[in-house]
Amino acid sequence: MRKHILLRGMLVILSIAVATPLSAAESSTNKAEESIPLVRVIWQDREDKAVHWGQFEQTGSQVTFQNQNTILGFPELDTERNELVQMDRLGRVVLVGVRDDDDGNYQSGWVALDLGVRMHSHGDHQDCIYREPPFVLSSVIDQAQGNPAHLYTYEGNFYLANDKRNGFTELSPLHLLRKDDQQHGTFYQGGAGHITLAAVEGKVAYSTWLSYDEENAGRIDVSDLSKPGDVSIAYSFRLPFSGLHGATANSGKVFFAPSDGVYYVDADVNLKQSAETVEFKHLSLGQDAENNRPYRTGAFATHRNWVLCTTGKQDQAALCLIDAAAEEPSVIKLKIDTPDGLTLTTPATVVTAAGKRYAFLFQDRKTGDKQEKLVVVDLDPNGDRDLSDATVVKQLKVGASQIEGHYGHHEIDFDADGNWGVVSNPGTGQLQLLSLSDLEFKGTYEVGGMPTKVLCIGGKETRH
């Protein structure tokens, strides 16, 4: 039995506050104080192929962590043959992709969770109520789901790529919560291979082909979201480069990541274009001086009207920022010197309680023994919402990653109030709590296993 299993069976409460010893009377008073939830956390464990949860709470002036372990109803997966892939959250609903080692012929699909936290807008903040523990709403895991990998959220819906079915499934959080006859989503044809996709206004979706053959290299399918099933594709077009592995939509444009830089098109929401008339434009990310190969990226993040990605290595590694709302978008590169053996991850962004806009990127270890770090970028130092002056403000040491292919990277997510970030350390079986006010870690917590993808929900519970 693995050693960390013992940790999961315990109620782990660790203090992160630094304080002077308390008198007996003070200690008795604190014990009587009620704990108030600050943020709920779920994370994927690549060792047991399950999702676990815990909660940060405030008791008096101290913050504690309760590791609650298993989510009720989560399906038991094969630890050798299954992988948990991407997961994302809309409201209190989370969708988790499940992949297998046999192109979807063993068991693949998805699991939907209700995280049990209600959030309601209240003036300039959100009221949060922690009603029940997380539980499974619905799941579909069988031989007909096409081995999903990529998962996206656009306009309040989930879009899960069904790689081996040459299409994707749109799932609504509302239908998942209602458990009605549409809870299993709607399938659309579009894309093939390791599909990445972008949906716009619930009307049209762009899906990529990860293909290198003469017929389909660089192919992108444009699907009509009013026509589900195998008749979805309105037209297809091809970029000059193959190796497509990334897509997003922002400000009426759709962005793609082939083997050379970034391409974008104007979103054809009314399907007035065709393969012959669609116009695409190229944004270079530069070129490797050693081998003359063009730089590329593999995934995008968005923040307001900006598209963010990373590219390059060592002294040419950079965070790239693109103003999608500009008439002629261009690439702004912020160099982030990254030691040999480390690689920059896709950024995660947040607006803090103080109104600061940050991007967080990890320098994850692919080879060697260099110290891994969390890089903090102030996206908007002067507060004018123009990110062209973005700058690195801090680098923090983190625990080890455990990279194997697409898996084992660090992840970070944030509470609803903009006060905290939670970091996963796959190689050490730990979570770390980051204060967004002073950008310092306030505690490290043993959860065991290999925690990878992490998501947060809620802020400080409201008790009116």
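It is to be established whether one or more residues within region 304-320 are under 20 Å from the mean Cα position of the chain (by Cα), within 18 Å of residue 247 (Cβ to Cβ) and surrounded by fewer than 18 Cβ atoms within 10 Å (Cβ to Cβ).
Within region 304-320, one or more residues are under 20 Å from the mean Cα position of the chain (by Cα), within 18 Å of residue 247 (Cβ to Cβ) and surrounded by fewer than 18 Cβ atoms within 10 Å (Cβ to Cβ).
Each row is one residue, and each column tells you yes or no for (1) farther than 12 Å from residue 198 by Cβ; (2) open to solvent by 20 Å² or more (accessible area, probe 1.4 Å); (3) touching a Gly at 6+ places or on another chain (Cβ under 6 Å).
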{"residue": "245", "(1), (2), (3)": "yes, yes, yes"}
{"residue": "254", "(1), (2), (3)": "no, no, no"}
{"residue": "259", "(1), (2), (3)": "yes, yes, yes"}
{"residue": "262", "(1), (2), (3)": "yes, no, no"}
{"residue": "266", "(1), (2), (3)": "yes, yes, no"}
{"residue": "271", "(1), (2), (3)": "yes, yes, no"}
{"residue": "281", "(1), (2), (3)": "yes, yes, no"}
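If I go through region 58-68 residue by residue, how many of them are open to solvent by 40 Å² or more (accessible area, probe 1.4 Å), in a strand (DSSP E or B) and out of contact with any Pro (no Cβ under 9 Å at 6 or more places or on another chain)?
So the answer is 1.
Only residues that are open to solvent by less than 40 Å² (accessible area, probe 1.4 Å), of a type outside the set (Ser, Thr, Tyr) and outside any loop (DSSP other than H, G, I, E, B): list them for region 176-208, please.
176, 187, 192, 197, 198, 199, 200, 204, 205
Anything in region 210-237 that is open to solvent by less than 40 Å² (accessible area, probe 1.4 Å) and either outside any loop (DSSP other than H, G, I, E, B) or out of contact with any Ser or Thr (no Cβ under 8 Å at 6 or more places or on another chain) (or both)? List them, or say none.
Across region 210-237, the qualifying residues are 216, 220, 221, 222, 223, 224, 229, 235, 236, 237.
Return the residues of region 45-57 that are polar (S, T, N, Q) and either open to solvent by less than 10 Å² (accessible area, probe 1.4 Å) or modelled with pLDDT under 95 (or both); say none if nothing qualifies.
Once the filter is applied, which keeps residues that are polar (S, T, N, Q) and either open to solvent by less than 10 Å² (accessible area, probe 1.4 Å) or modelled with pLDDT under 95 (or both), region 45-57 yields nothing.
Kindly provide the set of residues from region 133-149 that are open to solvent by 20 Å² or more (accessible area, probe 1.4 Å) and under 11 Å from residue 104 (Cα atoms), ordered by number.
141, 142, 143, 144, 145
Enumerate the pairs (first residue in region 42-63 and over 16 Å from residue 117 (Cβ atoms); second residue anywhere and open to solvent by 10 Å² or more (accessible area, probe 1.4 Å) and of a type in the set (Lys, Arg)) with beta-carbon separation below 6 Å, excluding pairs fewer than 6 apart on the same chain, so at least 6 apart or on different chains.
44/453
Which of the following residues is farther than 20 Å from residue 100 by Cα and crowded, with 18+ Cβ neighbours inside 10 Å: 159, 130, 152?
The conditions single out 130.
Consider residue 119 against the criteria (1) in a strand (DSSP E or B); (2) surrounded by fewer than 20 Cβ atoms within 10 Å (Cβ to Cβ); (3) modelled with pLDDT of 95 or more: it satisfies all of them except one. Which criterion is unmet?
(3)
Is it the case, given these coordinates, that residue 374 is under 16 Å from residue 303 (Cα atoms), of a type outside the set (D, E, K, R) and in contact with a Phe, Trp or Tyr (Cβ under 8 Å, 6 or more places away or on another chain)?
No; evaluated as a whole, the condition is false for this residue.
State whether one or more residues within region 326-337 are open to solvent by less than 10 Å² (accessible area, probe 1.4 Å), free of Cβ contacts under 8 Å to residues at least 60 places away in the same chain and either of a type outside the set (Phe, Trp, Tyr) or closer than 22 Å to residue 264 by Cβ (or both).
Yes, some residue in region 326-337 is open to solvent by less than 10 Å² (accessible area, probe 1.4 Å), free of Cβ contacts under 8 Å to residues at least 60 places away in the same chain and either of a type outside the set (Phe, Trp, Tyr) or closer than 22 Å to residue 264 by Cβ (or both).
Which residue pairs have Cβ atoms under 7 Å apart, sit 6 or more places apart or on different chains, and have a first residue in region 70-83 that is closer than 14 Å to residue 102 by Cα and a second that is hydroxyl-bearing (Ser, Thr, Tyr) and open to solvent by less than 80 Å² (accessible area, probe 1.4 Å)?
81/106; 83/407
Just checking, how many residues over region 228-252 are within 13 Å of residue 262 (Cα to Cα) and within 25 Å of the chain's Cα centre (by Cα)?
So the answer is 8.
If you check every pair at least six apart or on different chains, which have Cβ atoms under 8 Å apart with a residue in region 384-395 that is among the aliphatic types (A, V, I, L, M) first and a residue that is open to solvent by 70 Å² or more (accessible area, probe 1.4 Å) and not in a loop (DSSP other than H, G, I, E, B) second?
none
Where the second residue is surrounded by fewer than 15 Cβ atoms within 10 Å (Cβ to Cβ) and of a type in the set (A, V, I, L, M) and the first is more than 24 Å from residue 308 (Cβ to Cβ) and lies in region 271-289, which pairs have Cβ atoms under 7 Å and are six or more apart or on separate chains?
none
Give just the number: which of (1) in contact with a His (Cβ under 7 Å, 6 or more places away or on another chain); (2) assigned to a strand (DSSP E or B) does residue 245 not satisfy?
Among (1) in contact with a His (Cβ under 7 Å, 6 or more places away or on another chain); (2) assigned to a strand (DSSP E or B), the lone unmet condition for residue 245 is (2).
Examine region 282-293 for a residue that is under 19 Å from residue 206 (Cβ atoms) and under 21 Å from the mean Cα position of the chain (by Cα), and state whether such a residue exists.
No: zero hits.
Considering only region 73-116, state which residues are of a type outside the set (A, V, I, L, M, F, W, C), farther than 19 Å from residue 185 by Cα and open to solvent by less than 20 Å² (accessible area, probe 1.4 Å).
Listed by number, the residues that qualify are 82, 100, 116.
Over 25 Å from residue 339 (Cα atoms) and of a type in the set (A, V, I, L, M): is that true of residue 396 in this structure?
Taking the combined requirement at face value, the residue does not satisfy it.
Residues that are β-branched (Val, Ile, Thr) and at pLDDT 95 or above: find the strands (runs of 3 or more DSSP E) completely inside region 69-114 holding 3 or more of those.
93-100
The values are calculated or read from the model by the stated rules, or taken from the named source; none is laboratory data. Just so you know, these numbers come straight off a predicted model, no measurement behind them. Glycine gets a Cβ as well: all are built from the backbone with ideal geometry, and neighbour counts include every protein chain shown. Remember, those area values only see protein heavy atoms, side chains included, never the ligands or the DNA or RNA. Shrake-Rupley method; radii C 1.70, N 1.55, O 1.52, S 1.80 Å.
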